[in-house]
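Only the coordinates and a few stated rules stand behind these numbers; no lab work does. Quick caveat: nothing in here was measured; it's all calculated off a predicted structure. In this analysis, Cβ positions are derived from the backbone assuming ideal geometry, glycine residues included, and neighbour counts consider all displayed protein chains.
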Amino acid sequence: AKLGKTQRLADLVFLDNLPRSHIGKVLKRELRDDYKGKALG
């Protein structure tokens, strides 16, 4: 099937551990911040 540009993966990053809260939920904000920091340099 054909996918639009917004539906395609731009990048794929493998991590050993995901940042989690004390409850056990994945901290998506920290993932985004870490990715933005690495992408900017």
Can you compute the helix-only [θ] at 222 nm over the chain? Use -39500 (n - 2.57) per DSSP H run of at least 4 residues, normalise by all residues, nearest 500 deg cm²/dmol. -10000 deg cm²/dmol
Unit charges at the beta carbon, dipole of the chain: most positive-side option, L18, T6, L31: T6
What Rg and what Dmax come out for the chain when only alpha-carbon atoms are used, in angstroms? 13.5, 41
Kindly express, to the nearest 10 degrees and within the range 0 to 90, the angle between helix 28-40's C-alpha long axis and the longest C-alpha principal axis of the chain. 60
